[in-house]
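The values are calculated or read from the model by the stated rules, or taken from the named source; none is laboratory data. All figures in this text were calculated on a predicted structure; none of them were measured in a lab. For neighbour counting, all protein chains shown are included, and Cβ atoms are generated from backbone atoms with ideal geometry for every residue, glycine included. The protein model used for the area step is the full one, side chains on, heavy atoms only, and it has no ligands, DNA or RNA in it. Shrake-Rupley method; radii C 1.70, N 1.55, O 1.52, S 1.80 Å.
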2 protein chains.
Amino acid sequence: MYRTHHCGELRIENKDQRVKLSGWVQKIRNLGGMTFVDIRDRYGLSQLVFDLERNEVLSNSARELGREFVISVSGIVLERSNKNKNMPTGDIEILVDEIEILSKSEIPPFTIEDETDGGEELRMKYRYLDLRRNPIRRGLELRHKMSREFRNYLDNNNFVEAETPVLIKSTPEGARDFVVPSRMHAGEFYALPQSPQIFKQLFMVAGLDRYYQIVKCFRDEDFRADRQPEFTQIDCEMSFVDEDDVIKMLEGMAKHLFKTIKGIDFTYEFPRLTYEYAMNNYGSDKPDLRFDMKIHPLNDIVKNKGFKVFDDSEYVGGICVENAALYTRKQLDSLTDFVKTPQVGAKGLVYVKYNEDGTLKSSVDKFYSEEELKKWAEALNAKKGDLLLVVSGEMQKSLEILGKLRLEMGKQLGLMPKDKFVPLWVVDFPLLEWNEESKRFHAMHHPFTSPKKEDLNLLDKNPAKVRANAYDFVINGNEIGGGSIRIFDEKLQHKMFDLLGFTKEQAEAQFGFLMSAFKYGAPPHGGAAFGLDRWVALFNGSDSIRDVIAFPKNNAGRDIMNDAPALIDDKQLKELSLIVVK
Amino acid sequence: MYRTHHCGELRIENKDQRVKLSGWVQKIRNLGGMTFVDIRDRYGLSQLVFDLERNEVLSNSARELGREFVISVSGIVLERSNKNKNMPTGDIEILVDEIEILSKSEIPPFTIEDETDGGEELRMKYRYLDLRRNPIRRGLELRHKMSREFRNYLDNNNFVEAETPVLIKSTPEGARDFVVPSRMHAGEFYALPQSPQIFKQLFMVAGLDRYYQIVKCFRDEDFRADRQPEFTQIDCEMSFVDEDDVIKMLEGMAKHLFKTIKGIDFTYEFPRLTYEYAMNNYGSDKPDLRFDMKIHPLNDIVKNKGFKVFDDSEYVGGICVENAALYTRKQLDSLTDFVKTPQVGAKGLVYVKYNEDGTLKSSVDKFYSEEELKKWAEALNAKKGDLLLVVSGEMQKSLEILGKLRLEMGKQLGLMPKDKFVPLWVVDFPLLEWNEESKRFHAMHHPFTSPKKEDLNLLDKNPAKVRANAYDFVINGNEIGGGSIRIFDEKLQHKMFDLLGFTKEQAEAQFGFLMSAFKYGAPPHGGAAFGLDRWVALFNGSDSIRDVIAFPKNNAGRDIMNDAPALIDDKQLKELSLIVVK
């Protein structure tokens, strides 16, 4: 037996008990004849004490311990004379009379402390050491706790957790699949699922009624910052539901998570913004509403005053940044630089300072009088001391630029505290979006999303105007999840494939089994999928999902700890009937 | 809104309520002016009634419904005159005044009933229809319930569920890996995990203390009956434990499952048989102890009596089959045929009938007197009316043959009822087994299994004799799980790799990061993995794990519903820098 207690367990009530602890050496201090060793495990820290006078051999062996050694000690629990109120075990210490070194440790490549000196690359290479650090370990524990609460809620609402296959068929729609060569069927491949979409719909056809799964999904993308080739979804689907039913059920889940994990009790319905409203007011389909700072159009006020840039623009709009009139020239220049970066893509930025003394000063004073600028200020609900930022150009693009600028201002002014949460839904997404490259419509969500009944008549006339029964769940500007009411009618599904440029043969080859399933009595159904990694990161206050994934890959899709991907044996390639050509 | 209640929910208390139900048409009966329709969903069946006299149009539309149509109906709950005590909703029926056909159905390719006319191939092709059948749906529901209870138990015992990566590095030890070509690193491959073994050990090095995961694993094997290329494990690992600690914890889990799922309260410790005892007495390392019928050696009694077959054999042993002396010549011949099949592999079978009248009749009467046969009977604890079956040859092989014969007799005599459960542990497995083909030792469990301390001195002298700290969990002759206490010492791990024929370079290339992890303070640790599919099948009374997997593959590893694996685009292959050569 290696232990009677964990390292975080002993209290003053255990005084005089004989105990055994096992764990890692966190710290060693020699004070005169006394040696103090902090022993650590997942549950906490305890102070061990060795007395040179009582037991010289033992005390000397304690002095030879190193950080991260794994030891097992027996001894008596004593009351500390010098109590540490910051430690749950701070009232006691263990006077050790037996010690066994279970495993030695070389000096770790970085310090195992909450604040470490290790860079990301080094910490990833030795991830098993990084995981010893409290902040990272707590992230994993939070992830577990959250998964549990997701399951509790869904279990209690009659959802059945059911597993879908990982080795499936490749489908060209959507992102790129990872594929798995079949050895037994030479030249053929399985694909790893980007989501269990079709299977969960088949579960509904099968009458499972309510399904969920916390499941790994895969996407072979050119890795962007903070994307992982494998990621985890909370995947749900329900039968005999409309959009409102699904939103209510899943909002209940979100509230359950907020309550059980963060102790926040949301007593109101989360706002549901239409896609159009979100775009027009926040320049984003995932607005961060921790602060307001809405976008306002200025076209009517600013045009035809001789400023050609505005006159030639489809759209002019701005935001009002409260109490930022004192921004310096340098700060304003750097904002202009910000909007001109390729990621934002503006041509320029117009500002108006509404000074405390009531005067107005702008970068376009040449074209606009103070009187006119006052109208801008009114349109943007600005008051003295505020800063107005104005952008012009093509409407959609300008709104997106203002959306990014809005977020930048929120960041600069500290309007986005990590412990404030503003959840909301975005609804009424367009069904389709035109893709210039492929010269065809793409599904905004996926090809199984149903159009709104009232827009069905536009499907032929004006497909771009058709709205979908689709919804996204957004917290603090993060798209945490999304879903839709699905098509459950074979003919409508065919029509969708048609609109998306599939030939009948392609649709049949790719999704024939789904459409054949619809022939045997399919119920109305819909659902959603949530990004577990993102949600945990958000609740954990982490900037990167890597912090809450046990063994993440780097931005090149490589596991630098075990060096995957890697070359494989020629024999293995031969068995798979494959040749590599570089 | 599609429903106010489920189809299994209404009771006499709901009498006179207006309700709305949605579901599938199970059955339609026309009785005079009345039409009765059974509507079905996951939760149950309700009887709908349509009255021709009250509403002719409605009644006629009900008559045009077909099986498996999806409908939504509104109506009033009535008390049935003719109650059906076999149905939870049998006291009531719904007098329908509104019906909507949500989705029609073609005639299904097989009947959606508990006993169906569909063959396995057809049912797999239309798995979404097969899943509508109660026995299959119940299997999935049981799987969910069991997963929940596994989690409950482990959560309550401080285990952290943590996810390990699916895209990992290929390792040649063990079965064949499925691999995933990397597009971004041309010519390199990820592998899909056969188990999260190394990652869970790293979790222990990381100090996670107790880990579990219900996780998909993958094995590219030549598919045998009832094997799946992807399968699900309950994977556990603990730190600061010895074999007894792990067995106790996981036995607790098994008992929790038996109690919560099967209502069986095991109040005793599960037996722990040594590998040697199990082999010698039951001819198997996963003995089915629903019946006893032990194997007994007969060498001392049967040798040197002139029967050359026995005299030349390393081993002679037998089993006593109670009350089977009346087996006919034909039955005995077919037993002989059975042991001679390639799967069993015996050269022949000797029988002795211990007749009710006390006489003994054998197939070797030429060599053995009745007096001598009586000694056989005594050695096998036989009584009048029993049948003795005797096999000879090389010892290990003979024991295995007797083991298989024992199971066959158990089956023939109905000694293996599906609702009786006899769980046990097999312990003290050999660490290594000699492989004639590769002329080297292979790890019986895996290369990370620790040898027993008391056998360490045999590692150099007689590796085949070294026992491992390894254990299997067996229920009714099924190996449900297995595990071991792991090596946590870098030097011993190196020695193991050495014994297994790895060069230093190979060991470093494959497992370098594990051995490097052991340099920074590794705790003693051990764990186990359980086969979820097998365990659910066992509790479900299913003969095949396919019954409890939502979308299984066939024995050729093919998903015949969506036809995977399949060819992929040349473009995709090109992106992966691969050429297929047949």
Of all residues in the range B:536-582, which are facing chain A (nearest Cβ under 7 Å) and among the small types (Gly, Ala, Ser)? B:ALA550, B:ALA556, B:GLY557, B:ALA564, B:ALA566, B:SER577
B:GLY521 passes all but one of (1) within 30 Å of B:LYS262 (Cα to Cα); (2) within 7 Å of chain A (Cβ to nearest Cβ); (3) not acidic (Asp, Glu); which number fails? (1)
Kindly list, by first and then second residue, each pair from a residue in the range A:214-226 that is acidic (Asp, Glu) to a residue that is surrounded by 15 or more Cβ atoms within 10 Å (Cβ to Cβ) and not in a loop (DSSP other than H, G, I, E, B), limited to pairs with Cβ atoms under 8 Å and residues at least 6 apart or on different chains. A:ASP226/A:ILE545; A:ASP226/A:ARG546
What number of residues in the range A:444-471 are crowded, with 19+ Cβ neighbours inside 10 Å, in contact (Cβ under 8 Å) with a residue 40 or more places away in the chain, touching a strand residue (DSSP E or B) at 6+ places or on another chain (Cβ under 7 Å) and outside any strand (DSSP E or B)? 3
For B:LEU388, indicate whether it is open to solvent by less than 40 Å² (accessible area, probe 1.4 Å), within 30 Å of B:GLN197 (Cβ to Cβ) and not in a helix (DSSP H, G or I). no
Going through the range B:110-154 one residue at a time, which ones are touching a residue at least 40 places away in the same chain (Cβ under 8 Å) and of a type in the set (S, T, N, Q)? B:SER147, B:ASN152
Which ones in the range A:545-582 are open to solvent by 10 Å² or more (accessible area, probe 1.4 Å), of a type in the set (D, E, K, R) and at negative phi? A:ARG546, A:ASP547, A:ARG558, A:ASP569, A:ASP570, A:LYS571, A:LYS574, A:GLU575, A:LYS582
Which condition breaks for B:GLY403 when tested against (1) touching a Pro at 6+ places or on another chain (Cβ under 8 Å); (2) open to solvent by 70 Å² or more (accessible area, probe 1.4 Å)? (2)
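Which of the following residues is open to solvent by 50 Å² or more (accessible area, probe 1.4 Å), in contact (Cβ under 8 Å) with a residue 24 or more places away in the chain and touching a Phe, Trp or Tyr at 6+ places or on another chain (Cβ under 8 Å): A:LYS286, A:LYS305?
Numbers: A:LYS286 fails: touching a Phe, Trp or Tyr at 6+ places or on another chain (Cβ under 8 Å).
After ruling out the rest, the residue left standing is A:LYS305.
So if I check each of A:MET293, A:MET253, which one is closer than 30 Å to A:GLU371 by Cβ and touching a helix residue (DSSP H, G or I) at 6+ places or on another chain (Cβ under 6 Å)? Quick ask: steps written out before the conclusion?
On the way: A:MET253 fails: closer than 30 Å to A:GLU371 by Cβ.
Testing whether each residue is closer than 30 Å to A:GLU371 by Cβ and touching a helix residue (DSSP H, G or I) at 6+ places or on another chain (Cβ under 6 Å) leaves just A:MET293.
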For the range A:90-136, give me each residue that is within 28 Å of the chain's Cα centre (by Cα) and under 13 Å from B:ALA517 (Cβ atoms). A:LYS125, A:TYR126, A:ARG127, A:TYR128, A:LEU129, A:ASP130, A:LEU131, A:ARG132
Filtering the range B:92-118 for residues that are open to solvent by 40 Å² or more (accessible area, probe 1.4 Å) and more than 18 Å from B:ARG67 (Cβ to Cβ) leaves a count of 2
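Looking at the range B:8-19, which of its residues are within 27 Å of B:SER105 (Cα to Cα) and assigned to a loop (DSSP other than H, G, I, E, B)? Explain how you work it out, then say what you get.
Kept after step one, since they are within 27 Å of B:SER105 (Cα to Cα), are these residues of the range B:8-19: B:8-10, B:19.
B:GLY8, B:GLU9, B:LEU10, listed by residue number.
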I'm told A:THR336 meets every condition in (1) surrounded by 15 or more Cβ atoms within 10 Å (Cβ to Cβ); (2) of a type outside the set (A, V, I, L, M, F, W, C); (3) in contact with a Lys or Arg (Cβ under 9 Å, 6 or more places away or on another chain) except one. Can you identify the failing condition by its number? (3)
Got a number for residues in the range A:263-292 being over 21 Å from the mean Cα position of the chain (by Cα) and either more than 20 Å from A:TRP425 (Cβ to Cβ) or of a type in the set (S, T, N, Q) (or both)? 4
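Just checking, which of B:PHE150, B:PHE178 is within 23 Å of the chain's Cα centre (by Cα) and either β-branched (Val, Ile, Thr) or within 7 Å of chain A (Cβ to nearest Cβ) (or both)? Give the steps one after another, and end with the answer.
Working: B:PHE150 fails: either β-branched (Val, Ile, Thr) or within 7 Å of chain A (Cβ to nearest Cβ) (or both).
Matching residue, one of B:PHE150, B:PHE178: B:PHE178.
With the condition kept exactly as written, say whether any residue in the range A:415-434 is without any contact (Cβ under 8 Å) to a residue 12 or more places away in the chain, out of contact with any strand residue (DSSP E or B) (no Cβ under 6 Å at 6 or more places or on another chain) and farther than 22 Å from A:ALA507 by Cα. Please lay out each step first, then the result.
First, the residues of the range A:415-434 that are without any contact (Cβ under 8 Å) to a residue 12 or more places away in the chain: none.
No, the range A:415-434 has no match at all.
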Residues that are open to solvent by 10 Å² or more (accessible area, probe 1.4 Å) and closer than 23 Å to A:PHE511 by Cβ: find the strands (runs of 3 or more DSSP E) completely inside the range A:145-222 holding 1 or more of those. A:210-218
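May I ask you to verify whether A:LYS495 is open to solvent by 10 Å² or more (accessible area, probe 1.4 Å), closer than 24 Å to B:LYS125 by Cα, at pLDDT below 95 and outside any strand (DSSP E or B)?
Details: open to solvent by 10 Å² or more (accessible area, probe 1.4 Å): yes; closer than 24 Å to B:LYS125 by Cα: no; at pLDDT below 95: yes; outside any strand (DSSP E or B): yes.
Answer is no for this residue.
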Can you find a residue in the range B:523-534 that is open to solvent by 40 Å² or more (accessible area, probe 1.4 Å) and either among the acidic types (Asp, Glu) or assigned by TED's automatic domain parsing to the domain that holds B:ASP209 (or both)? yes
Yes or no: A:ALA191 facing chain B (nearest Cβ under 7 Å) and either modelled with pLDDT of 95 or more or over 17 Å from the mean Cα position of the chain (by Cα) (or both)? no
Of all residues in the range B:335-382, count the ones that are free of Cβ contacts under 8 Å to residues at least 40 places away in the same chain, of a type outside the set (A, V, I, L, M, F, W, C) and not in a loop (DSSP other than H, G, I, E, B). 12
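A:PHE441 - would you say it is in the same structural domain as A:VAL246 (by TED's automatic domain parsing), of a type in the set (Phe, Trp, Tyr) and outside any loop (DSSP other than H, G, I, E, B)? Walk me through how you get there before you give the answer.
On the way: in the same structural domain as A:VAL246 (by TED's automatic domain parsing): yes; of a type in the set (Phe, Trp, Tyr): yes; outside any loop (DSSP other than H, G, I, E, B): yes.
In short, yes.
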Restricting the range A:479-492 to residues that are within 12 Å of chain B (Cβ to nearest Cβ) and either out of contact with any Pro (no Cβ under 6 Å at 6 or more places or on another chain) or not in a loop (DSSP other than H, G, I, E, B) (or both), which is most open to solvent (accessible area, probe 1.4 Å)? A:LYS491
Checking B:LYS83 against (1) touching a residue at least 12 places away in the same chain (Cβ under 8 Å); (2) open to solvent by 30 Å² or more (accessible area, probe 1.4 Å); (3) farther than 27 Å from B:LYS262 by Cβ, only one condition comes out false. Which one? (1)
Residue hits (the range B:234-277; within 12 Å of chain A (Cβ to nearest Cβ), touching an Asp or Glu at 6+ places or on another chain (Cβ under 9 Å) and either among the hydroxyl-bearing types (Ser, Thr, Tyr) or open to solvent by 10 Å² or more (accessible area, probe 1.4 Å) (or both)) are B:SER239, B:LYS248
Please indicate, with yes or no, whether at least one residue in the range B:336-355 is of a type in the set (Asp, Glu) and in contact with a helix residue (DSSP H, G or I) (Cβ under 8 Å, 6 or more places away or on another chain). no
